[in-house]
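Engineer: I'd like to ask some things about the structure below.
The values are calculated or read from the model by the stated rules, or taken from the named source; none is laboratory data. As the structure is a prediction and not an experimental result, all values here were calculated from the model. Please note: Cβ atoms are built from the backbone with ideal geometry, for glycine as well, and neighbour counts cover all protein chains shown. Note: areas computed on protein heavy atoms with side chains; ligands, DNA, RNA excluded. Shrake-Rupley method; radii C 1.70, N 1.55, O 1.52, S 1.80 Å.
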Amino acid sequence: MGPASDDDVAGWVASLGLDGLVDIHVHFLPERMLAKVWAYFDNATTNYGMDWPVFYRLPEHERLAVLRSLGVRRFAPLVYPHKPGMAEWLNQWVLEFATREPDAVPTATLYPEPGAASYVDAALRAGVRCVKAHVQVGAYDPRDPLLDGAWGALADAGVPVVIHCGHGPLRGEHTGLDVFAEVLARHPRLVTVLAHAAMPEYDRALALVAEYPRVYLDTTMVGVPFTESFMPLPGDWPARLAGIADRVVLGTDFPNIPYSYATQLRAIAQWAEADDRLGEPFLRAVLHDTPAKLLGL
Ligand SMILES: [Zn+2]
């Protein structure tokens, strides 16, 4: 069933025998940048063709308090640039944020630009445990040779890359798994988390999980009523997760979602209930154990 509302989340998590949630896909940004992101969602009717009222439009300390009240024990605050010359500055900001907030795992991002390999290397040496790549917002080709050194360093380090490379919710010039599959073919050991399960290419995402032992799916916006209205899951989704229960990790896009955190957890709980092979062990794996393993917790 899952939690009826955010007030029920912490109790539901405890009833699964977990000491908390580990969320690999959350966003924190410098205040002025976040204001711009929210302004973009305010114009969602123009930008996305639908309404997108940000549910957790709160000051930073209140957003942190919400995560803690939900029982989110550790989370990866993800940042991403939309132009050159930004990634290194964002990496500095998010590292300071993670130092200040101990439940935030240190993360970094990248962009195809001279120096990408060297600042990713520096981030790894600084102890970063997760990297975000956003192909649609960045409008870059993940096969760009300027990223090759960075992908290689990340593969060697075994640090996961949460990559938004699917066509959904918005198509970009270089989105799509056809494109990203070429990066994987070149760096087959890259620990990859396909954000949003690469919506709407769910089938292809499952095929990549089958092909590459280090490819994972995150649950971000997957299967919630909002998304089902325009990029629905295949009807046999729960059955298809049965063989890869340890390759799915909790992600939510908190705070920039047009529904509550509990809504995402209910979607995941519905998959667990729909197939006897999933059940509570699946929930414990997705909500805690697998993301904790990927983040080295
Ligand atoms: Zn996101």
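Engineer: How big is the accessible area of THR46 in square angstrom, nearest 10, if you roll a 1.4 angstrom probe over the protein chains?
Structural biologist: 120 Å²
Engineer: Let me ask something additional. For LYS293 and THR46, what is the calculated FRET efficiency with R₀ set at 51 Å and r taken between the beta-carbons, to the nearest 0.05?
Structural biologist: My answer for the efficiency is 0.80.
Engineer: Another question about this same structure. Quick one: grab the alpha carbon gyration tensor of the stretch 46-191, order the square roots of its eigenvalues as a ≥ b ≥ c, and give me rounded if a/c is under 1.5, else prolate or oblate depending on whether a/b is larger than b/c. Write down the numbers at each step before the final one.
Structural biologist: Working: a/c = 1.85, a/b = 1.21, b/c = 1.54.
Note, shape of the stretch 46-191 comes out oblate.
Engineer: While we're on this one: Quick one: if the Förster radius is 41 Å, what FRET efficiency do ARG125 and GLU273 give, using the C-beta to C-beta distance and rounding to 0.05?
Structural biologist: With R0 = 41 Å, the Cβ-Cβ based efficiency is 0.40.
Engineer: In the chain, what percent of the accessible surface is made up of carbon and sulfur (1.4 Å probe, ligands and nucleic acids excluded)?
Structural biologist: About 52 percent, which is the carbon plus sulfur part of the accessible surface.
Engineer: Would you mind telling me which residue in ASN91, ASN47, ASN256 has the biggest mean-square fluctuation in a Gaussian network model of the chain, where springs connect alpha carbons within a distance under 10 angstrom?
Structural biologist: ASN47
Engineer: If you build a Gaussian network model of the chain, linking Cα atoms that sit under 10 Å apart, which residue out of LYS83, LYS132, LYS36 swings the most?
Structural biologist: Comparing LYS83, LYS132, LYS36 in the GNM, the peak value goes to LYS36.
Engineer: Compute the distance in nm between two label points, each set 7 Å from the Cα along the Cα-to-Cβ direction, one at ASP148 and one at ASP203.
Structural biologist: 3.3 nm
Engineer: Enter the Cα centre distance for the pair the stretch 175-199 and the stretch 1-69, rounded to the nearest angstrom.
Structural biologist: So the separation of the two Cα centres works out to 25 Å.
Engineer: Among ALA117, ALA245, ALA14, whose mean-square fluctuation peaks in a Gaussian network model of the chain (Cα, cutoff 10 Å)?
Structural biologist: Answer for the Gaussian network model of the chain: ALA14.
Engineer: With a/c under 1.5 counting as rounded, go ahead and sort the chain into rounded, prolate or oblate using the C-alpha gyration tensor (a ≥ b ≥ c being the square roots of the eigenvalues; past the cut-off, prolate if a/b is larger than b/c, else oblate).
Structural biologist: Numbers: a/c = 1.34, a/b = 1.20, b/c = 1.12.
Verdict is rounded for the chain.
Engineer: Of TRP12, TRP271, which has the most accessible area and how do the rest follow, probe 1.4 Å?
Structural biologist: TRP12, TRP271
Engineer: Sticking with this structure for a sec: Taking only DSSP H segments of four or more residues, each worth -39500 (n - 2.57), what value at 222 nm results for the chain once the sum is divided by all its residues, to the nearest 500 deg cm²/dmol?
Structural biologist: -12000 deg cm²/dmol
Engineer: Now for a separate question. Leaving out ligands and nucleic acids, and using a 1.4 Å probe, what accessible area per residue does the chain come to in Å²?
Structural biologist: Working: 11610 Å² over 297 residues.
Counting only protein heavy atoms, the per-residue value for the chain is 39 Å².
Engineer: Given a Förster distance of 41 Å, report the FRET efficiency between SER118 and SER229 from their Cβ-Cβ distance, rounded to the nearest 0.05.
Structural biologist: Rounded to the nearest 0.05, the efficiency is 0.40.
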